[in-house]
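Please read the structure below before turning to the comments.
The values are calculated or read from the model by the stated rules, or taken from the named source; none is laboratory data. The structure displayed is predicted, hence computed values, not measured ones. Every residue, glycine among them, receives a Cβ derived from its backbone with ideal geometry; neighbour counts consider all protein chains shown. For accessibility, only protein heavy atoms count, side chains too; no ligands or nucleic acids. Shrake-Rupley method; radii C 1.70, N 1.55, O 1.52, S 1.80 Å.
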Amino acid sequence: MKTAKKPVKTPAKAPKAAAKPKVAFFDFASCEGCQLQITNLGELLLDVLGAIDVVEFREAISEKWDGDYDVVFIEGSIGDHHAEERLKKIRARAKVLIAYGACACTGGVNGMKNSFELDEIRQSVYGKDYKLFDSTATKAVDQVVKVDYYINGCPVYAPEILEVVKHALRGLPYTVPDNPVCAECKLNENVCMYERGVACLGPWTKAGCNSWCVNNGNICYGCRGEVKNPAKNANDVISKYNLKPELIKGKFDMYNKCKEGVK
Amino acid sequence: MATVKDLDLKVEYVTRVEGHGNIVANVKNGKIEKCEFHVVETPRLFEGMLRGRSIFEAQHITSRICGICSCGHSLASVKAAEDALGVTPTEQTVKLRKLLLDYEFLDSHILHVYLLAAPDVLGVPSFIPLIASHNKTVRQVLRLKKAVNDCCDILVGRHIHPITMIAGGWTKLPSKKEIDAQIKLLEGMAEDLGEVLKLAKTLKFPDFHRKTEYVALVSDDAEYPLLNGDIGSTEGKRVSYKDYKKSTNEFVDPRSSAKFSKWSGDSVFVGALARFNLNAHKLHPKAKALAKELGFKPVCDNPFMNTVAQVVEIVHCYYHALEILKDLKKTGLDYSQQLTVGVNEKGAVPVRAGDGVGSVEVPRGILHHNYVTDKNGMIKQANCIIPTNQNVNNIEHDFAKFLPEILNEGKDKIRLKLEMLVRAYDPCISCSAHYLDVTFVE
């Protein structure tokens, strides 16, 4: 279950703040909800658009661009050969690459595909003609190309998008919080899900979402990926509540199967 | 302009639609050889991935089929799960689900009508040039979207991938204050809504007609059916939601790798225009008045008018949502119905083996989820039939009639008009990531 990542370093060739950077959005296998989070910013969107020059954003605009990009947002995970090649080509033209949303950062729910034998799951959905549809094991973006910034979450959390974008445009490093969701949950004065009798992935999952799901009476599903070094307290949770490790592992597989065993 | 004799058109990744789709059109010596719409989304295999997961996780997972339609998928999913489990939702739960569906329609239709479809009619490639030319309207539209989003945030935690609505009920119910806050947000939309509706009245669409079979939920009561009902068609068909496969009838066509749908005729149309054609008499009086003003009557067989039907539904859902909220304010909520479920570790919801179907009208048309579960509530088989899938066949039949009618307009116009036609359906291609059916293995 370890998903430790190297610390994010300052990208070498980030654009200067004065230039209006050329920004593009590309979507791979995903629900495209994280792109949509941008249009949900409301009028604030116009401020963001004032600071950047959006050159490609297929879901929202028809304009296309054939030059280099200062910043690209990659949404979605990589699940076929064509996607892998396309991503590499985009990386070659991009100064800064942001993995945007859970599918891009950890493989997200698409990673559940990797819990099955590939041909078996393809056949289960597409029947005997399954080979018509190319499909490879799901990969997170950083399992194919170098990633400069991560915006985690399913979906991404608006305040964090703005934070990371500000850092990226200035060429500053952004460190994804590496403490568990429980830290935020406590500040929000939620009653612990374990005290309410159900298992929650908060103790092992990276914070930064302001304990979004638990604030709303649901459990944490681990969409932001595992903290580098789960606290000793997390082990205490397992023993205190007499949890079966398989239950927690099964829950983690929903978003983090791609990163299984990745140190 | 001279008629196009030879045309070799390939639009890779139609823009301003959700997901990846291509248009391929070939004309040789004035004869159309091919005009197809291809879905090229990476297969995501959701139905396969659901196997072995708890029925209580199905809503969370299937919501991720599509960001735009995540509330719609969630509603179909919880209905299918409850149908499998044999759980009947309370009246309060149903009322709140109807409210959520109103928000889903408002959000999705406002996005599609104004930010994705209107640029075509106004002759620009996207809403970005409109920021300069129609700044006031763009701001009004973004404010409207934000207000609906804020309502969703209150009701389900967030619009994209709702948190509180689960199989069995709600993990968190809106407080009295939060009901008031939603009423205030909706009432605050009135002025902007009035203004953007004025713009909608000026939109002109291509005059294209083709008779087809319109399919939507139908019911015997007076409410415009969105959450519950049987499946009906303009050809007079009606079947129970349990028999959804009779209305979707997926079949393989050797021309394309996509699976097609038909019922009585060659193809079916699902979506706002289908709902309007079948249920216009049940719309809110304010929505009826707008339709009348626009001279928009059932049965309308111009697919471009789907966008106008969405405008009419914006008005319907706006007033319908307000009515639900005011009713909830009057009656108050029963907070003892709040549930903590997880994967049902505590057995909060009784579990049995089952085969459940959930059919819901979502912005793009009728959506079906179907789950088969074992006695522990683990999913054995899953099937999701998506509105866009049901429409692909109809889009191609439209192409076959439309292309000859516009062949004299030059390649650029042809390309634009074919794209506009696809966009009129408001296709959601991530959703269609499955296009071959699942065979249930019992």
Check: Averaged over all directions, how much area does the convex hull of the C-alpha atoms of region B:38-91 cover when projected, in nm²?
Finding: 4.8
Next item on the list: Working with all protein chains in place, sort A:224, A:170 by solvent-accessible area computed with a 1.4 Å probe, largest first.
Entry: A:170, A:224
Margin query: Cut-off 10 angstrom, C-alpha nodes, Gaussian network model of chain B. Which of B:165, B:189, B:49 fluctuates the most?
Written below: B:49
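Using a/c under 1.5 as the rounded threshold, could you call region B:51-180 rounded, prolate or oblate? The axes a ≥ b ≥ c are square roots of the C-alpha gyration tensor eigenvalues, and prolate needs a/b larger than b/c, oblate otherwise.
Details: a/c = 3.14, a/b = 1.91, b/c = 1.64.
Cα axes put region B:51-180 in the prolate bin.
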Next item on the list: Using only protein heavy atoms and a 1.4 angstrom probe, determine the accessible area buried between A and B, summed over both sides, in Å² to the nearest 100.
Entry: 5800
Notebook entry, point to check: Regarding region B:371-413, what whole-number volume in Å³ per residue does the convex hull of its Cα atoms give?
Noted result: 84
Check: What 222 nm value per residue comes from the helices of the protein assembly as shown, counting each DSSP H run with n ≥ 4 as -39,500 (n - 2.57) and dividing by all residues, nearest 500 deg cm²/dmol?
Finding: -12000 deg cm²/dmol
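Largest first, how would B:378, B:420 line up by accessible area (1.4 Å probe)?
Sorted by accessible area, descending: B:378, B:420.
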Note to self: Given an 8 Å cut-off on Cα distances and at least 6 residues of separation, report the relative contact order of chain B as a percent.
What the structure shows: 26
Margin query: Taking a ≥ b ≥ c as the square roots of the Cα gyration tensor eigenvalues, with a/c under 1.5 meaning rounded and otherwise prolate when a/b beats b/c, else oblate, which class fits chain B?
Written below: oblate
Check: Tell me which lysines have Cα within less than 16 Å of residue B:380's Cα, excluding those fewer than 8 residues away on the same chain?
Finding: A:113
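List the GluC sites (Glu not before Pro) in region A:161-263 that DSSP assigns to loop (not H, G, I, E or B) and whose Cβ has at most 14 other Cβ atoms within 10 Å. Which are they? Spell out each step's value before the answer.
Details: sites: A:163, A:184, A:189, A:195, A:226, A:246, A:260; in loops: A:189, A:195, A:260.
Answer in residue order: A:189, A:195.
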Note to self: Give me the 1.4 Å probe accessible area per residue for region B:61-159, excluding ligands and nucleic acids, in Å².
What the structure shows: 22
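I'd like to verify something in chain B: which complete DSSP H helices, judged by Cα projection on the helix axis, reach 20 Å or more and average at least -1.0 on the Kyte-Doolittle scale? Intermediate values should be presented prior to the final figure.
On the way: long enough: B:70-85 (22 Å, 0.29); B:91-110 (29 Å, -0.27); B:135-156 (31 Å, 0.03); B:306-331 (36 Å, 0.14); B:387-406 (27 Å, -0.73).
Both cut-offs are met by B:70-85, B:91-110, B:135-156, B:306-331, B:387-406.
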Next item on the list: Calculate the spin-label point distance for residue B:375 paired with residue B:195, positioning each point 7 Å from the Cα along the beta-carbon direction, and give it in nanometres.
Entry: 6.3
Next item on the list: Count, for each residue of B:126-133, the Cβ atoms from other chains sitting within 10 Å of its Cβ, then give me the mean as a whole number.
Entry: 3
Note to self: With a 1.4 Å probe and all protein chains kept in place, how do B:212, B:248, B:331 rank by accessible area, largest first?
What the structure shows: B:331, B:212, B:248
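Over every pair of different alpha-carbon atoms in the protein assembly as shown, take the mean of 1/r and invert it; report that Kirkwood radius in Å.
Working: mean 1/r = 0.0390 Å⁻¹.
Computed over the protein assembly as shown, the radius equals 25.6 Å.
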Margin query: Are there any trypsin sites (Lys or Arg not before Pro) in region B:173-206 that are in a DSSP loop and have at most 16 other Cβ atoms within 10 Å? List them by number.
Written below: B:204
Notebook entry, point to check: How about region A:208-224: which of its residues lose at least 20 Å² of accessible area in the presence of all protein chains relative to their chain isolated, using a 1.4 Å probe?
Noted result: A:212, A:213, A:216, A:217, A:218, A:221
Margin query: If the elastic network links every pair of Cα atoms under 10 Å, which of A:101, A:171, A:111 fluctuates the most in the Gaussian network model of chain A?
Written below: A:171
Item checked: Heavy atoms of residue B:166: accessible area, 1.4 Å probe, square angstrom to 10 -> 20
Checklist line | Residue with peak Gaussian network fluctuation, chain A [Cα springs, cutoff 10 Å], from A:149, A:130, A:100 | finding: A:130
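Pop the C-beta distance of residue B:207 and residue A:66 into the FRET formula with R0 = 56 Å and round what comes out to the nearest 0.05. It would help to have the intermediate numbers written out before the result.
Details: r = 36 Å, r/R0 = 0.65.
E(calc), rounded to 0.05, equals 0.95.
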Next item on the list: Please report, as a whole percent, how much of the solvent-accessible surface of region B:23-174 comes from carbon and sulfur atoms (probe radius 1.4 Å).
Entry: 52
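Can you send over the carbon and sulfur percentage of the accessible area for region A:113-175, probe radius 1.4 Å, protein chains only?
Values: 1480 of 2710 Å².
About 55 percent, which is the carbon plus sulfur part of the accessible surface.
Rolling a 1.4 angstrom probe over the protein heavy atoms, how many square angstrom per residue are accessible across region A:48-198?
Accessible area per residue: 40 Å².
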Next item on the list: List, in the order given, every pair from A:89/A:228; A:146/A:259; A:186/A:251; B:79/B:286; A:206/B:146; A:22/A:166 whose Cα-Cα distance in the structure shown is over 24 Å.
Entry: A:89/A:228; B:79/B:286; A:206/B:146
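Does chain A classify as rounded, prolate or oblate by the C-alpha gyration tensor (a ≥ b ≥ c root eigenvalues; a/c under 1.5 gives rounded; else a/b over b/c gives prolate, otherwise oblate)? Each step should come with its number before you reach the end.
Working: a/c = 1.94, a/b = 1.27, b/c = 1.53.
Oblate, because a/c is 1.5 or more while a/b does not exceed b/c.
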Next item on the list: Return the Cα extents of region B:31-126 along principal axes one, two and three, sorted largest first, each rounded to a whole Å.
Entry: 54, 31, 23
